[in-house]
Amino acid sequence: MDPRQVGLSFRFFEGLYYRKKIITDNLMVKKYDFYHPDNIFVIENGNNAAILEFLKRPYQELPEHIVKKYSFSEWIFRMLSE
């Protein structure tokens, strides 16, 4: 992980929208309300062997209000409202 990066990249939000699994080494993602261990695998403490099990588990649908909260249209709305 790049120590200069703060926050999350757009791929997390794309993953939410398209309901796709993500593998990352960004530990910060665990602090977000959309984090679910069946949807986002965080590489840490040498747990690479667990990736195959992660990929076998089904994607867990998240509540629509959470998906909407991180949508591009909501982001634009918040930016224009400030």
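Some points to look at:
- Restricting attention to region 35-56 and to residues that are in contact with a strand residue (DSSP E or B) (Cβ under 9 Å, 6 or more places away or on another chain) and part of a loop (DSSP other than H, G, I, E, B), the residue that is farthest from L8 (Cα to Cα) turns out to be N47.
- Number of the condition not met by S73 [criteria: (1) open to solvent by less than 60 Å² (accessible area, probe 1.4 Å); (2) hydroxyl-bearing (S, T, Y); (3) modelled with pLDDT under 95]: (1)
- Region 36-53, residues that are within 11 Å of the chain's Cα centre (by Cα) and open to solvent by 60 Å² or more (accessible area, probe 1.4 Å): P37
- The sole residue among Y59, Y32 that is of a type outside the set (K, R), touching a residue at least 24 places away in the same chain (Cβ under 8 Å), farther than 14 Å from F13 by Cα and surrounded by 12 or more Cβ atoms within 10 Å (Cβ to Cβ) is Y59.
- Close Cβ contacts (under 7 Å, 6 or more residues apart or on different chains) running from residues in region 63-81 that are in contact (Cβ under 8 Å) with a residue 12 or more places away in the chain to residues that are assigned to a helix (DSSP H, G or I) and open to solvent by less than 100 Å² (accessible area, probe 1.4 Å) comprise V67/L16; Y70/F13; Y70/L16.
- Residues that are outside any loop (DSSP other than H, G, I, E, B) and surrounded by 12 or more Cβ atoms within 10 Å (Cβ to Cβ), drawn from region 12-29: F12, F13, E14, G15, L16, Y17, I22, I23, T24, M28, V29
The values are calculated or read from the model by the stated rules, or taken from the named source; none is laboratory data. Note that the structure is a prediction, hence the values are computed from the model and not measured. With ideal geometry, Cβ positions are generated from the backbone for all residues, glycine too; neighbour counts draw on all protein chains shown. The area values use the complete protein model at the heavy-atom level, side chains included, leaving out ligands, DNA and RNA. Shrake-Rupley method; radii C 1.70, N 1.55, O 1.52, S 1.80 Å.
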